[in-house]
Amino acid sequence: MKWENNRASDQVEDRRSQPGGGGGLGGGRRGGGKGLGLGTIAVALVAGWIFGINPMTILGFLDGGTGLAPPAQTQPASAPAAAPTDDMGRFVAAVLGGTEDVWGELFRQNGAAYQKPRLVLFRGATPTACGTGQSAMGPFYCPGDQKVYIDLSFYDTLKRQLGAPGDFAQAYVIAHEVGHHVQNLMGITDKMDEMRRRVSQREYNALSVRLELQADCFAGIWAHHNHKTQAILEPGDVEEALNAAAAIGDDALQRKSQGQVVPDSFTHGTSAQRQRWFRVGLDRGDVQACDTFSARTL
């Protein structure tokens, strides 16, 4: 991936040097004194801790609108964060900058102003508006403070435990979480808040799958437009993202951790579904094409 072609975002908040963080995902103990070994992490992945909105928050779904709505809530202005200087920090800032440019233009075309999310780099654990964020959750988005949270040790997990290496696979992670921010700005999060009180857990899981697949599709939209303007894609990049999407499908994670698949418990979609919807966004670059909530088949 030619990530250096992108403008670096000034919205990366680097907390990695703050005390009390701890290490990566290699076992040991995490925030709150609870032991989280690799077995616990695998269960957490299956439970939906990975590539999604923080489970301590409310998810959202689309109401069938035909375009980008104005932002549903405002965010206080904040001073630019100090840019990270290490290679991985610069990579994250460049990917985030690409998402800002793409979504900023798409929102502008639809008569709305895009509010940039902050992206927080941390180690071990960190406070968020959605509760304490921990490495074992994987990357997540918190609507309460409109921030994406990533412990970069997750990328080692993605490569070594889930078999999904590559810088574009890493970029896909960021773009997916930013996709949740876009859903929040579109009012999708608030709508699911309403639905959660009305439906059964099984029905809510089904809505959550559609939410996550839409975020995958939004990640594809980012790749479509960012490549069109900055030529970021290199041979093999798309395959890296599709491989990552397959690795974190509910069926793949359940089969890996418990030896069987329970479709009613899916919250993120199967490997094939995640690959398909990322590809829809990548090929079409159209927000309306990502209306997973109206799709008859996923």
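What follows is calculated from the coordinates using simple rules that are stated; it is not laboratory data. Only a predicted model underlies this, so the values are computations on that prediction, with no experimental measurement involved. Ideal geometry is used to build each Cβ from the backbone, glycine not excepted, and the neighbour counts take in all protein chains shown.
Partners of residue 256 within straight-line reach, counting lysines whose Cα lies under 28 Å from its Cα and excluding those fewer than 8 residues away in the same chain: 34, 159.
For the stretch 147-298, rounded, prolate or oblate, judged on the Cα gyration tensor with a ≥ b ≥ c (square roots of eigenvalues), a/c < 1.5 rounded, else prolate if a/b > b/c? It comes out oblate by the Cα gyration axes. A protection proxy built from the mean count of other Cβ atoms within 10 Å ranks the segments 137-149, 194-206, most packed first, as 137-149, 194-206.
Straight-distance candidates among the aspartates and glutamates for linking to residue 116, with alpha-carbon spacing under 19 Å and chain neighbours fewer than 8 residues away dropped: 10, 13, 14, 100, 101, 105, 145, 177, 190, 216. For the stretch 90-198, the alpha carbon positions stretch 41, 34, 23 Å along the principal axes, listed from largest to smallest. First check a/c for the stretch 157-244, with a ≥ b ≥ c the square roots of the eigenvalues of its C-alpha gyration tensor; if it is under 1.5, answer rounded, and if not, answer prolate when a/b is larger than b/c or oblate otherwise. Because a/c hits 1.5 or more and a/b fails to exceed b/c, the stretch 157-244 counts as oblate.
When a/c reaches 1.5 or more, the comparison of a/b and b/c decides; with that in mind, is the stretch 157-208 rounded, prolate or oblate per its Cα gyration tensor? Oblate shape, in that a/c is at least 1.5 and b/c is the bigger or equal ratio.
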